[in-house]
Each structure stands twice: as structure tokens, then as C-alpha cells.
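The values are calculated or read from the model by the stated rules, or taken from the named source; none is laboratory data. The structure displayed is predicted, hence computed values, not measured ones. Cβ: placed from backbone, ideal geometry, glycine included. Neighbour counts: every protein chain shown.
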Amino acid sequence: MTLRNQEMGCTSSDAEDELHSAIGLLARKQRPDTRRVSVSHTPSSASMESSSNLAQLRPHKTRELLAAAPKVARHQQSVFQSMWIGATAGMGGIIAVYPVDVVKTRMQNSRVATSAVQTLTTIFRNEGVGSFYKGLGPQLCGTIPDKAVSLATREFVKSFFDKPNEFKASLTSAAVSGVMQSIVMNPVEVVKVRMQLDSTLKPLGVIRELGLQGLYRGYTACLSRDVMFASTYFTLYDMAKTQLGVQDGTSLGWSMVAASTAGIPAAFLSTPLDLLKTRMQSRDATVQGFMNTYRQVTAQGGIGALFSGWGPRVSRIAPQFGIVLVSFDWLSHRFTPTVEHLPEPADTDAYADY
């Protein structure tokens with residue numbers, strides 16, 4: 001063997017060792033590392049030598065080594081799949097807790113402070129059990145496209161981020177999802193609120209009375225509520241899943257804990273906006289506009305009046321979104337194909353040398 005061939009053989013062996021080291025690093029990086037890493041943008045002499053050695057490795061050998069690298073499975077979900085899964089999950093969640101929503105709406109529209117138990121008892125005595133599901137039809141007709149659009153939008157926006165469960169990705173995708181939800185749901189909310197407050201009304205009658213423009217009454221409050229709720233809820237939900245070590249579609253018990261827990265502060269903090277929306281959309285509204293409604297409510301009952309109905313709202317949203325999100329994750333895990341990828345590092349700069 002000539003001296004040149006010996007040098008080439010040595011270089012190829014070095015390159016193979018370097019690539020094996022890179023694959024080993026991938027294996028060690030499967031568990032996220034939260035430590036901060038200071039990044040230097042000036043390549044070191046060691047990294048330059050490593051890159052030079054790797055360049056000498058034959059393509060077929062590179063493919064063999066990368067094929068042997070440890071992989072992680074990820075669900076690759078289309079927009080259409082996200083939509084039908086979101087619609088199915090949303091329908092189950094709303095049916096389970098709808099009676100609590102009726103109680104909440106009656107409390108928020110009442111000019112006299114009442115408890116949830118008093119409101120529930122009054123409805124049961126005067127209107128019967130059927131009144132607890134008044135307006136469910138329009139709500140389902142709206143919830144199915146609502147959850148289809150909002151959850152699919154959230155997944156779509158998150159797909160643009162390298163780390164989809166981090167704060168920036170969660171907040172941005174949730175806010176965009178909230179905007180889409182308000183566009184779809186405001187007409188449904190108007191019909192639902194009016195039917196919950198007056199059991200004699202029919203959906204088509206409300207639509208004919210208001211027309212298209214009237215169906216977007218209270219949109220400012222609805223938009224503000226949905227963006228605030230979604231931003232708070234989904235950000236906390238992703239954080240809770242990370243802290244609990246929950247993976248989508250598995251550990252359903254802990255997923256329910258994360259989803260329900262995130263719903264408590266999100267529902268409570270958005271209650272004032274939900275109350276203003278209800279007042280603006282009700283048939284007997286005496287003032288128009290977001291600020292005028294705010295002044296009227298606070299003049300009659302102070303700041304505390306803005307939180308009327310927070311108990312039923314929290315009691316409804318926490319389990320409802322627990323059901324919706326756990327169902328969405330489980331259905332996504334069950335019905336969408338998995339694609340194997342090399343594991344992503346906790347800090348992508350750690351791979352700069354390779």
C-alpha cells in the first residue's frame with residue numbers, strides 16, 4: 001500500500017469515527033436538556049477538522065451510518081385530519097357540559113346576583129329538564145366547525161416552529177387560533193345566548209330577526225375573550241404537559257390533569273370579557289358598544305359584577321377542554337401516520353460542528 005493510500009484510509013477511518021460520534025450525540029440528546037449553552041459563531045479548529053474528515057467519507061457509508069442512528073416517531077397530520085379530529089373532540093366536550101353553560105348564561109344576564117344553585121333550581125322548577133339543553137343544536141352546529149378550524153389552525157401554525165411546545169410557539173399559535181374561533185363562533189354565540197335566555201325562541205327565528213350583521217353583535221368582546229382565553233389556556237396546557245412529561249396520545253390521565261388544570265385560570269381571567277359578550281348579545285341589551293356595556297355593568301354592580309358566573313364558567317370549561325384536548329391528542333395518535341425522524345437536540349447549535 002502506498003503512502004497516499006494509507007493517508008486516505010486513515011482519513012476515511014477518522015471520518016467514520018467522527019460520524020459515529022455524531023450519531024452517539026443524537027442518541028444522548030433524546031432527553032431535552034434545559035441548560036443554557038453559550039454559542040460561539042466562530043468555528044473551532046476541532047470542528048473544522050471534523051468537517052474536513054466527514055467530507056472524505058463515501059456517500060454510501062454515510063447513508064448506512066445515518067440509517068443506523070436512533071430515530072423518534074412523530075405524527076404527521078394533514079390539515080384535513082386535524083379538522084375532523086378537532087370537530088369530533090369538540091362535539092363530545094360540549095355535550096358533556098352544556099347544562100352548566102346554560103346556568104352560567106342565566107347568571108351573567110341576571111340584573112340580580114344569584115348563586116349557581118339558585119339559578120339551577122329556578123330553571124328546573126319553571127322550565128323542566130329540557131331547558132338545560134336549550135340551544136344545544138345551534139351550539140353543536142357551531143362547535144363542530146369551530147373546533148375543526150381552531151384546533152387545525154393551532155396545529156398548522158405550530159408546524160412552522162422548530163420547537164412547537166415552547167412558549168413562543170404555544171402563544172402565537174393559540175392567539176391565531178382564538179381569532180379564527182371568534183370569526184366562526186360569534187354568530188353561534190348570539191343564537192345560543194338568545195335561546196338560553198328565552199326558551200320560546202327558535203334558531204331560524206333569531207337568524208331572520210338579526211340578519212348577517214346582527215349575528216356579529218358583540219364581536220369585539222367575543223374576539224377579545226377568545227384570543228385571551230386561547231393564549232392563556234394553550235400556553236399553560238403545553239407548559240403543564242412538558243412539566244408532567246406527557247406525550248400526545250399517551251398517559252391520558254395526566255393529559256386530562258394538564259388540560260383541566262390549564263382551564264381554571266384561563267376561564268376565570270376571561271370571565272369579564274365573556275360577561276360583556278353575553279350582555280351585548282342578549283335581546284334586552286339597553287346599551288350598545290363594548291365600553292358602554294362595561295360602564296353599565298360596573299355602575300350597577302362594581303368591578304365584582306364583571307366576574308358574575310365565574311364559578312359555572314370554570315366548572316364547565318375545565319372538564320370540557322379536558323375532554324376536547326385529550327380526545328384530540330388520542331385521536332391524533334390513533335388515526336394519523338407516524339414518520340421517523342432523527343431526534344431534535346435541545347440546543348440546535350450543539351450540532352453545528354457536524
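Give just the number: which of (1) touching a Pro at 6+ places or on another chain (Cβ under 9 Å); (2) surrounded by 13 or more Cβ atoms within 10 Å (Cβ to Cβ); (3) of a type outside the set (Lys, Arg); (4) modelled with pLDDT under 70 does GLN76 not satisfy?
That leaves (2) as the condition not met.
Taking ALA305 as meeting all but one of (1) of a type outside the set (Lys, Arg); (2) surrounded by 22 or more Cβ atoms within 10 Å (Cβ to Cβ); (3) at pLDDT 85 or above, write down the number of the exception.
Result: ALA305 passes all but (2).
Do we have VAL314 as of a type in the set (A, V, I, L, M) and either at pLDDT below 90 or closer than 29 Å to VAL257 by Cβ (or both) here?
The answer is yes for VAL314.
Could you list, in sequence order, all residues of segment 163-180 that are of a type in the set (S, T, N, Q) and over 12 Å from ALA152 (Cα atoms)?
ASN165, SER170, THR172, listed by residue number.
ALA174 passes all but one of (1) closer than 18 Å to PHE290 by Cα; (2) surrounded by 22 or more Cβ atoms within 10 Å (Cβ to Cβ); which number fails?
(1)
Determine which single condition PRO164 fails, assuming it passes every other condition in (1) in contact with a helix residue (DSSP H, G or I) (Cβ under 9 Å, 6 or more places away or on another chain); (2) of a type outside the set (Val, Ile, Thr); (3) touching a residue at least 40 places away in the same chain (Cβ under 8 Å).
The failed condition is (3).
Of the residues in segment 147-164, how many are surrounded by fewer than 24 Cβ atoms within 10 Å (Cβ to Cβ), out of contact with any Lys or Arg (no Cβ under 7 Å at 6 or more places or on another chain) and not hydrophobic (A, V, I, L, M, F, W, C)?
The qualifying residues number 6.
Which of the following residues is of a type in the set (Gly, Ala, Ser), surrounded by fewer than 20 Cβ atoms within 10 Å (Cβ to Cβ) and touching a helix residue (DSSP H, G or I) at 6+ places or on another chain (Cβ under 8 Å): SER224, SER260?
That would be SER224, the only listed residue that is of a type in the set (Gly, Ala, Ser), surrounded by fewer than 20 Cβ atoms within 10 Å (Cβ to Cβ) and touching a helix residue (DSSP H, G or I) at 6+ places or on another chain (Cβ under 8 Å).
If you take just the helices (runs of 4 or more DSSP H) that sit entirely in segment 128-242, which of them hold at least 2 residues that are within 21 Å of PHE321 (Cβ to Cβ), in contact with a Ser or Thr (Cβ under 7 Å, 6 or more places away or on another chain) and of a type in the set (A, V, I, L, M, F, W, C)?
The qualifying helices (runs of 4 or more DSSP H) are 136-158, 167-197.
Where residues in segment 146-170 are among the β-branched types (Val, Ile, Thr) and more than 18 Å from LYS241 (Cβ to Cβ), which of them is farthest from the chain's Cα centre (by Cα)?
Here the answer is VAL149.
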